[in-house]
Amino acid sequence: MEGRVLSKRNLSQMLLLMLLLGCANGSSDSGSAAATSPSGEIIKGSIKSVTGSQSEMNQWILALVERDTGIAHSGVINAIGNYTIEGVDTSVAYTLVLLDPQYRFSAVLTYAGLNPGQVRQYFAIGENRLPTLVHNGPIINFTDFSSIAWEKNEAADANGNLIPDAMEASAGLAMTPRVFAGAPGLAGTATTADTDADGLTNDVDGDIDGDGLPNWFDPDDDNDAVPDAFDTDANADEVVDLSQDLGDQYFPRLVKFLALQLVQDVQSDGSLASTLMFTLRLLEDEIATSVLVKGSSTLFTDAAAVQFDPNTGEATLSSWDQTLLDDGNNEDGEAGDGIFTRRVQLASTAVPKANQVFFVEVTQGAGDTRMVHEFPFTFPSMVTGVITGAYTSDTRKVTMTGSPFGTVTDYHWSVHVYDANGIKVFASEPIAGSSTTYTLPTGATDEGETYTARIVATAIDRIPSFPSWVMRSASFNLQ
């Protein structure tokens with residue numbers, strides 16, 4: 001009897017050992033699988049064009065966007081119209097946005113509203129497969145609702161054609177902007193504004209103006225006819241944006257803010273060279289395994305990462321792998337401080353397009369507990385122009401010619417002076433875009449020395465020290 005008991009114990013120990021060995025041997029496979037399957041639900045579905053063809057949707061991008069945070073999960077549509085979106089938290093409400101193969105915002109989900117002149121766009125996911133979608137111009141629609149439940153949130157659809165007002169405007173149709181009445185207040189002012197009168201104050205509303213376009217994809221969040229990049233109170237809460245941690249570049253989870261600075265330098269032949277400066281800051285105590293930019297291959301093909309030598313200031317270029325780094329060597333401050341950046345020089349023919357979107361994908365953890373979230377950023381709907389500078393020595397006047405930001409005049413420009421060695425020796429105060437001349441102070445330069453200057457025009461700072469757009473003239477002589 002005792003011997004039989006010992007045999008069972010031995011057998012149990014052998015089985016346990018085999019199980020442990022199996023887990024150990026399978027751990028690397030599990031890790032490999034997790035590299036393409038982050039924690040969360042895997043959502044699948046298909047989409048076709050209103051023409052009936054699914055193949056027409058090849059290489060388009062479909063993104064699930066959280067209603068309350070803007071955090072997204074995206075997937076590329078394949079040649080037969082199918083998509084897979086991974087790592088989805090099904091406990092929150094979502095809408096869907098559709099981007100074309102160049103990541104330009106194209107369409108948004110809609111459904112008939114509960115009230116006349118309104119549409120619904122947000123839903124809860126009931127299964128791991130969404131109903132078939134149809135792309136019809138500026139909107140996408142579900143063919144049935146068997147696996148989703150519509151939320152009550154509504155957006156404006158003035159003419160009742162199921163196209164939200166924001167998309168009517170982008171199509172060039174008439175729409176009267178709803179201008180928020182009230183000047184921006186001081187830091188600390190209570191944020192009680194509710195521009196679209198939907199019961200949600202602007203500081204927590206994912207669609208401030210209720211036009212059907214989520215703030216993170218809307219170039220004019222409050223619909224006051226001032227593009228967000230030039231609006232000191234883009235979230236229309238009566239508080240200057242620069243003095244608060246609110247707006248569509250701030251996030252309530254994982255990431256404190258995401259900033260993109262587009263720098264365009266006028267070349268001697270009048271063309272523009274474009275450089276992107278990506279900056280993402282994690283919330284305190286958050287740690288990321290990797291930070292990666294997802295966007296248009298057309299925009300990012302042949303892009304080069306720029307790194308400066310801290311001693312000489314010389315720039316070196318290397319092929320960009322679309323990562324952002326927190327290593328202390330890429331203008332990101334100290335290594336490990338939670339700030340991920342990269343300065344990226346685009347190919348000579350590459351220029352960001354209006355309403356083009358990119359996502360910054362932040363990964364935490366590894367293996368089967370790996371979490372992935374995507375944070376969207378949309379380029380302003382803007383046409384830029386070349387600026388030039390000229391100097392009149394007898395009056396010491398610098399004159400700017402050209403319109404850096406098209407019809408927008410609510411910007412600032414400044415004059416930067418460099419000595420014969422290329423060292424900057426003077427920078428003027430900000431000058432209103434409505435003015436075209438600036439008188440250089442007498443003490444800014446020394447008699448008999450050689451100097452050059454550049455004019456730098458910038459959008460406002462919505463995040464301190466991060467103007468979203470910078471236009472720099474070619475150098476000109478101060479003689």
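Quick look at the values:
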| item | result |
| --- | --- |
| Yes/no for L200 being over 23 Å from V470 (Cβ atoms), modelled with pLDDT of 95 or more and surrounded by fewer than 23 Cβ atoms within 10 Å (Cβ to Cβ) | no |
| Filter result for F476 (in contact with a helix residue (DSSP H, G or I) (Cβ under 6 Å, 6 or more places away or on another chain) and over 30 Å from L258 (Cα atoms)) | no |
| Sole residue being at pLDDT 95 or above, loosely packed, with under 14 Cβ neighbours inside 10 Å and of a type in the set (D, E), chosen from D245, D321, D326 | D321 |
| Members of the stretch 451-475 found to be surrounded by 17 or more Cβ atoms within 10 Å (Cβ to Cβ) and in a strand (DSSP E or B), listed by number | T452, A453, R454, I455, V456, A457, T458, P467, W469, V470, M471, R472 |
| Given (1) at pLDDT below 95; (2) assigned to a strand (DSSP E or B); (3) of a type in the set (A, V, I, L, M), index of the condition A350 fails | (2) |
| Selection status of D228, touching a helix residue (DSSP H, G or I) at 6+ places or on another chain (Cβ under 7 Å), modelled with pLDDT under 95 and either buried (at least 16 other Cβ atoms within 10 Å of the Cβ) or in the same structural domain as H412 (by TED's automatic domain parsing) (or both) | no |
| Every residue from the stretch 296-332 that is in contact with a Leu (Cβ under 9 Å, 6 or more places away or on another chain), over 14 Å from M277 (Cβ atoms) and hydrophobic (A, V, I, L, M, F, W, C) | L299, F300 |
| Enumeration of residues in the stretch 409-433 that are assigned to a strand (DSSP E or B) and in contact with a helix residue (DSSP H, G or I) (Cβ under 8 Å, 6 or more places away or on another chain) | V417, V425, F426 |
| Selection from the stretch 109-165 of residues that are among the acidic types (D, E) and over 26 Å from S53 (Cα atoms) | E151, E154, D157, D165 |
| The stretch 419-450, residues that are acidic (D, E) and either surrounded by 10 or more Cβ atoms within 10 Å (Cβ to Cβ) or modelled with pLDDT under 95 (or both) | D419, D446, E447, E449 |
| Test: V293 is surrounded by fewer than 21 Cβ atoms within 10 Å (Cβ to Cβ), closer than 16 Å to A350 by Cβ and modelled with pLDDT of 95 or more | no |
| Residue match in the stretch 381-390 (condition: modelled with pLDDT under 95, closer than 30 Å to D241 by Cβ and among the hydroxyl-bearing types (S, T, Y)) | yes |
| From the options D332, D285, residue that is under 27 Å from S473 (Cα atoms), part of a loop (DSSP other than H, G, I, E, B) and either out of contact with any Lys or Arg (no Cβ under 6 Å at 6 or more places or on another chain) or among the small types (G, A, S) (or both) | D332 |
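Residue by residue, here is whether (1) buried (at least 16 other Cβ atoms within 10 Å of the Cβ); (2) within 19 Å of the chain's Cα centre (by Cα) holds:
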residue	(1), (2)
V92	no, no
T95	yes, yes
P101	yes, yes
A107	yes, yes
T110	yes, no
V119	yes, no
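The values are calculated or read from the model by the stated rules, or taken from the named source; none is laboratory data. Just so it is clear, the model here is predicted, and its values are computed rather than measured. We place every Cβ from the backbone using ideal geometry, glycine too, and count neighbours over all the protein chains shown.
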